[in-house]
Amino acid sequence: MGLLRIMMPPKLQLLAVVAFAVAMVFLENQIQKLEESRSKLERAIARHEVREIEQRHTMDGPRQDAALDEEEDMVIIYNRVPKTASTSFTNIAYDLCAKNKYHVLHINTTKNNPVMSLQDQVRFVKNITSWKEMKPGFYHGHVSYLDFAKFGVKKKPIYINVIRDPIERLVSYYYFLRFGDDYRPGLRRRKQGDKKTFDECVAEGGSDCAPEKLWLQIPFFCGHSSECWNVGSRWAMDQAKYNLINEYFLVGVTEELEDFIMLLEAALPRFFRGATELYRTGKKSHLRKTTEKKLPTKQTIAKLQQSDIWKMENEFYEFALEQFQFIRAHAVREKDGDLYILAQNFFYEKIYPKSN
């Protein structure tokens, strides 16, 4: 062969080399196509096996009933922070409860005290876990986080919540106490008649706009421990962060409420099927706005931002926002300015032992 190559003219040698290279590329492409075909075949076989297992599972009466019981036994707790669009969001749950067949219950505490007595904690946990007539249930109210595991409960409820930029939340609450909102315009508020603006309150060092009033979202997530309500407690903030990550299913932000609703509908359709469309195009029964609200000046904001309390509440807010945006980034895609929920992007394969 070596002698033959030497005897071949240079042009023929070049053509032979080119022909060999083309043949190798062709073979590689064929091998790649075979690999892709094999991969598609494996996925098809895996899907077929999964369907067979699902069919056997469906035909198995007791298992099907158990799955249904699990869904019907579901309880959601929305321990809503004041002035974070909580009424707007809760009214969506009220609008959907009849259609989606679940119950909505408002937790109304005396003087809106977010901390329950020990005996009330026991009653509340007992109600949530054993009140079968109210399941599936959506409970909401201005109460701080309660750890059901402390009471020996095996199946804990699903916690969700929404938080807001700390200063914006305080400004909204300040004017709400004086002028109310468009939801119940005739109701007399606690500070009605006080015409002092938020800027004037901060300039005079008033109690209703003091930095201590910012300390609310952290204790709501921290819970019923005494340290949670010690203003400026670093331990309380760390505990609030821990609970947000480990005990809450999803925490949204007021500024991105529609995205929060969209994620809930995708993940928990038993409760929130139709929520996104209702929020976008419904009769707006869920909307609620504080009247007579005046935005604070840059000087007022800068003064509040000097306090350590704002720094901690803002750190917690930024922490929650980052977590929410991380979850959203892995659940939706943006196209032409609109967000779309991702389709299921996993499947099961290599299922053993093989079925007969």
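The values are calculated or read from the model by the stated rules, or taken from the named source; none is laboratory data. Because the structure is a prediction, the values reported are computed rather than measured. FYI the Cβ positions are ideal-geometry reconstructions off the backbone, even for glycines, and counts take in every protein chain you see. Side chains are part of the model used for accessible areas, which takes the heavy atoms of the whole protein and leaves out ligands, DNA and RNA. Shrake-Rupley method; radii C 1.70, N 1.55, O 1.52, S 1.80 Å.
So, residue 262, is that one over 19 Å from residue 332 (Cα atoms), open to solvent by less than 20 Å² (accessible area, probe 1.4 Å), part of a helix (DSSP H, G or I) and not β-branched (Val, Ile, Thr) or not? Spelling it out, it is not the case that residue 262 is over 19 Å from residue 332 (Cα atoms), open to solvent by less than 20 Å² (accessible area, probe 1.4 Å), part of a helix (DSSP H, G or I) and not β-branched (Val, Ile, Thr). Going by the conditions given, is residue 249 aromatic (Phe, Trp, Tyr) and either open to solvent by 50 Å² or more (accessible area, probe 1.4 Å) or touching a helix residue (DSSP H, G or I) at 6+ places or on another chain (Cβ under 6 Å) (or both)? Spelling it out, residue 249 is indeed aromatic (Phe, Trp, Tyr) and either open to solvent by 50 Å² or more (accessible area, probe 1.4 Å) or touching a helix residue (DSSP H, G or I) at 6+ places or on another chain (Cβ under 6 Å) (or both). Select from the range 304-323 the residues that are part of a loop (DSSP other than H, G, I, E, B) and in contact (Cβ under 8 Å) with a residue 40 or more places away in the chain and write down the one among them that is farthest from the chain's Cα centre (by Cα). Once the filter is applied, the top-ranked residue is 307. Filtering the range 168-188 to residues that are of a type in the set (Gly, Ala, Ser), at pLDDT below 75 and open to solvent by less than 60 Å² (accessible area, probe 1.4 Å) leaves only 180.
Can you pull out every residue in the range 195-220 that is surrounded by fewer than 16 Cβ atoms within 10 Å (Cβ to Cβ) and not in a helix (DSSP H, G or I)?
Of the residues in the range 195-220, the ones surrounded by fewer than 16 Cβ atoms within 10 Å (Cβ to Cβ) are 195-196, 200, 203-207, 212.
Within the range 195-220, 195, 196, 205, 206, 207 qualify.
The condition of being in contact (Cβ under 8 Å) with a residue 40 or more places away in the chain and touching a Pro at 6+ places or on another chain (Cβ under 8 Å) holds for only one of 102, 145, that being 102.
Taken together, 155, 191, 195 contain a single residue that is among the basic types (Lys, Arg), within 30 Å of residue 75 (Cα to Cα) and modelled with pLDDT under 95, which is 155. Please go through (1) over 18 Å from residue 86 (Cα atoms); (2) out of contact with any Pro (no Cβ under 7 Å at 6 or more places or on another chain); (3) at pLDDT 95 or above; (4) surrounded by 10 or more Cβ atoms within 10 Å (Cβ to Cβ) for residue 331 and return the number of the only condition it doesn't satisfy. Answer for residue 331: the failing condition is (3).
Give the residue, chosen from 232, 223, that is open to solvent by 30 Å² or more (accessible area, probe 1.4 Å) and either out of contact with any strand residue (DSSP E or B) (no Cβ under 7 Å at 6 or more places or on another chain) or at positive phi (or both). Just one listed residue meets the conditions, 232. Of the listed requirements (1) over 19 Å from residue 79 (Cβ atoms); (2) of a type in the set (A, V, I, L, M); (3) in contact with a Ser or Thr (Cβ under 8 Å, 6 or more places away or on another chain), residue 329 misses just one: (3).
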